[in-house]
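Chemist: I'd like to ask you about the structure that follows.
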Amino acid sequence: MRTRGAMNKKDPEITALEAEIRRHNALYWDEQKPEIDDYAYDALVNRLKALAPDSPVLMELGPSRHFGEERKHKEPMLSLDKCYTDEELADWAGDVAGKIVAMPKLDGIAGAIHYGDDGKLAVAATRGDGFTGDDITQNVLEISDIPRQIDGGPLEVRGEIYMRLSVFERYKQEGMANPRNLTAGAIKQKDRRKSAAYALSFFAYDLLGSDSETLAEALERLHELGFAKMPHRLLEKDALRDAFADYSKLRPSLDYEIDGVVFKANELKEQRRLGLTSHHPRYAIAYKFQGDTGLSTLREVEWSVARTGAITPVAIVDPVALSGVTVTRASLHNVAYIDKLGLTLNCKLTIVRRGGVIPNVEHVTEAGDAPVVIPERCPSCGKATVRERDFLFCSKPSECKWAILGQLVHFASVIDLRGFGEAVLEQLYDRGLVRDAADLYTLKEAYIEALDRSGEKLAKKLIAELDKKRTLDLATFLRALGLPDLGKHVSQILADRYRALDAVLAVDEAELAATHGIGEIIAKNVVDGLAAAKPLIARLKKHVTFAADSGPVEGPLSGKSFVFTGKMVAFARSEGEKRVRQRGGAVLSSVTKALTYLVVGANKEGGPSTKQKAADKLISQGAPIRVLSEAELLAMLED
């Protein structure tokens with residue numbers, strides 16, 4: 001038997017074993033080129049365990065990039081907005097120009113697969129929270145539908161990892177609930193060989209980085225690259241309902257689970273125009289199959305006021321069991337939906353738990369005995385209500401208690417202001433101490449001590465919590481304002497691009513609309529919202545500093561703006577943008593007459609770019625834009 005002392009002297013056999021195991025470990029996990037079988041590899045590991053149980057090599061077994069490491073998505077992987085009626089689908093389609101692609105909505109795990117310049121599979125990650133996912137590269141390599149090498153790169157392929165129903169059959173006997181849950185567990189196995197045993201499959205539904213102009217072209221390109229062909233149809237708008245019906249009929253014959261049909265704008269330029277919200281892309285929607293249904297009776301309609309001033313109806317119904325849950329409240333969406341259903345009090349109605357989650361009133365089966373009265377006064381503040389198309393609003397949301405409380409709760413939640421829940425905020429409002437987020441920072445311990453169920457200890461704790469939130473990162477602050485379409489995704493784009501609050505407030509609609517992932521509709525809502533919120537922002541600035549503002553935004557390029565076009569040779573475009581920002585410059589996405597410099601890449605083919613043509617036109621009209629080469633920019637950065 002060898003002793004620990006012998007190991008410390010680095011026995012030659014132990015040293016040789018460690019080197020050999022490291023080599024074979026890398027060949028198997030990282031390079032996918034094993035030279036020995038599993039039995040021989042395990043024999044080497046067991047020998048090292050016997051000779052040196054404390055060897056650090058035994059802790060290194062597996063891929064060098066372990067599962068669980070986070071991978072930030074270059075572009076958000078947001079979940080899809082959902083609809084359940086033909087009318088909702090038609091409303092969505094009304095905003096889309098051109099043809100629409102329909103494809104089955106697989107019930108699996110979304111993933112992003114990156115191929116490098118050489119076409120080799122480099123990294124794969126789950127969707128995660130839409131912005132950051134878990135690294136699943138090693139397990140993805142075991143899915144036969146996913147090629148390890150493609151023709152061309154770099155490219156990003158997005159799609160759904162799933163388990164075929166024929167494969168799931170053998171797991172049913174073991175009490176597994178459904179293939180999706182089993183897929184989620186299988187793709188996150190730490191041992192790649194265990195993951196491979198589940199025989200997972202993959203359908204690719206999106207291709208990023210290609211020169212395709214339409215989604216249909218991208219899907220064909222994916223098939224040419226070696227991916228399983230994603231079933232899809234290219235449709236005119238009047239054929240959407242028939243496509244949904246056809247997929248519904250096909251559902252029982254498919255070898256995979258689907259829970260609806262996905263519809264997407266076919267033209268990629270149209271996708272860019274429509275843009276994204278913080279939760280979902282506007283250019284796509286999932287028409288879901290209906291969930292569990294039940295019958296109940298409507299007893300009353302409750303009206304709630306959101307932070308936007310929207311007044312939303314909720315049905316209060318007799319208890320009904322749906323999908324294992326007792327339901328007493330169901331969504332009515334808006335006042336137009338009440339009219340559409342012909343809703344009356346004490347009517348019999350059908351409730352559907354859509355997607356197995358949200359209870360919704362579907363239709364009336366027997367009329368009631370009293371009309372549902374649409375409030376002419378806000379149930380919170382008593383001010384007159386205003387109807388705008390399908391929605392009801394409080395006419396004075398800036399003076400409405402529930403709307404103001406909704407804004408305060410949102411602000412406190414986003415900045416993680418602990419202890420300031422709805423009950424505390426309502427007391428502060430009722431006592432006239434807080435009317436907006438800026439008022440929170442003016443609170444004194446004595447004010448909080450006077451609240452119900454409070455005291456000196458709690459007051460000190462809450463004031464200390466407020467003091468911790470006097471410095472906020474810019475993206476969090478923007479999201480906390482609660483403005484339309486200024487959610488997590490858009491707030492982060494603004495913070496990353498402009499870095500300082502004053503720069504964000506100066507952004508115009510055209511410039512923002514040209515930013516990838518935003519689009520015209522969101523740009524208008526954000527710019528209008530920021531303009532309306534300027535008085536509140538000015539008051540908040542007296543109490544809050546911004547982490548993003550403390551970065552290197554003051555420098556020799558302060559006050560100057562840059563737009564990059566063409567492919568750079570001396571450095572990647574992202575590196576050039578970073579170096580400009582580090583010296584105080586602002587990097588924009590579009591050319592306007594206020595632009596200072598247009599940087600034109602040396603490696604540019606096909607004549608002037610759209611941005612350069614726009615700059616040339618503005619220069620001819622007298623705009624003081626200067627065009628820089630890479631060499632001139634480098635000289636400026638070095639100076």
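FYI, it's all coordinate maths here, none of it is from the lab. Predicted, not measured: the structure shown is a model, and the values here were computed from it. Cβ atoms come from the backbone with ideal geometry, glycine included; neighbour counts cover every protein chain shown.
Chemist: Within the chain, which cysteines find no other Cys whose Cβ is under 4.7 angstrom from their own?
Modeler: 83, 347
Chemist: Taking the beta-carbon count within 10 Å as an exposure proxy, list 378, 400 from fewest neighbours to most.
Modeler: 400, 378
Chemist: Does anything in segment 133-156 have its amide N under 18 Å from the 7 Å Cα→Cβ label point of residue 575, and if so which residues?
Modeler: Within reach of a label on residue 575: 154.
Chemist: Now, a different point. Any idea what the dipole of segment 354-472 comes to, in debye rounded to 20, about its Cα centre with Lys/Arg Cβ at +1 and Asp/Glu Cβ at -1?
Modeler: Values: 18 positive and 19 negative charges, 98 e Å.
My answer is approximately 480 debye.
Chemist: List, in the order given, every pair from 488/524; 383/488; 444/469; 468/524 whose Cα-Cα distance in the structure shown is over 25 Å. Write out the running numbers ahead of the final one.
Modeler: Numbers: 488/524 17 Å; 383/488 32 Å; 444/469 15 Å; 468/524 33 Å.
Flagged as over cut-off: 383/488; 468/524.
Chemist: What shape does segment 561-638 take by its C-alpha gyration tensor, where a ≥ b ≥ c are the square roots of the eigenvalues and a/c under 1.5 counts as rounded, a/b above b/c as prolate, and the rest as oblate?
Modeler: Values: a/c = 1.90, a/b = 1.24, b/c = 1.53.
Since a/c reaches 1.5 but b/c is at least a/b, the shape of segment 561-638 is classed as oblate.
Chemist: Distance between Cα centroids, segment 200-250 to segment 432-465: provide it in whole Å.
Modeler: 55
Chemist: Something else about it: Which of the peptides 311-319, 383-391 is most tightly packed, and how do the rest follow, going by the mean number of other Cβ atoms within 10 Å of each residue?
Modeler: Numbers: 311-319: 17.8, 383-391: 13.2.
Ranking the peptides 311-319, 383-391 by packing returns 311-319, 383-391.
Chemist: Setting aside same-chain residues fewer than 8 positions from residue 542, which aspartates and glutamates have a Cα under 17 Å from its Cα?
Modeler: 436, 439, 467, 473, 502
Chemist: Let me ask something else. Computed from these coordinates, which is Kirkwood radius over Cα pairs in Å: [x] 29.0; [y] 32.9; [z] 28.3?
Modeler: Only one option fits the structure, namely [x].
Chemist: What number comes out for the charge environment of residue 595, summing +1 per Lys or Arg and -1 per Asp or Glu over other residues with Cβ under 15 Å away?
Modeler: Working: positive: 497, 560, 593, 611, 613, 617, 626; negative: 508, 511, 577, 616.
Charge balance near residue 595 sits at +3.
Chemist: Nearest 20 debye, what's the magnitude of the dipole of the chain about its Cα centre given +1 on Lys and Arg Cβ and -1 on Asp and Glu Cβ? Mind dumping the intermediate values first?
Modeler: Values: 88 positive and 93 negative charges, 267 e Å.
Using Cβ point charges on Lys, Arg, Asp and Glu, the chain gives about 1280 debye.
Chemist: So which of 541/567; 82/578; 229/264; 74/190 end up more than 29 Å apart by C-alpha?
Modeler: Details: 541/567 39 Å; 82/578 38 Å; 229/264 17 Å; 74/190 25 Å.
Going by Cα-Cα distance, 541/567; 82/578 fall outside the 29 Å limit.
Chemist: When the Karplus curve 6.51 cos²θ - 1.76 cosθ + 1.60 is applied with θ = phi - 60°, which whole-Hz ³J(HN,Hα) does each residue of segment 445-453 get, with x for Gly and Pro?
Modeler: Calculated HN-Hα couplings, in order: 4, 4, 5, 6, 4, 6, 6, 4, 6 Hz.
Chemist: Put +1 on the Cβ of every Lys and Arg and -1 on every Asp and Glu Cβ in segment 82-288; which of 266, 157, 89 then has its Cα farthest towards the positive end of the dipole?
Modeler: 157
Chemist: Here is a follow-up. Given charges of +1 on the Cβ of Lys and Arg and -1 on the Cβ of Asp and Glu, with all other atoms neutral, how large is the dipole of segment 400-469 about its Cα centre, in debye to the nearest 20? Walk me through the intermediate numbers first.
Modeler: Details: 11 positive and 12 negative charges, 23 e Å.
For this selection, approximately 120 debye.
Chemist: Round to the nearest 0.05 the FRET efficiency obtained for residue 444 and residue 46 when R0 = 60 Å and r is the Cβ-Cβ distance.
Modeler: Values: r = 68 Å, r/R0 = 1.14.
FRET efficiency, residue 444 to residue 46: 0.30.
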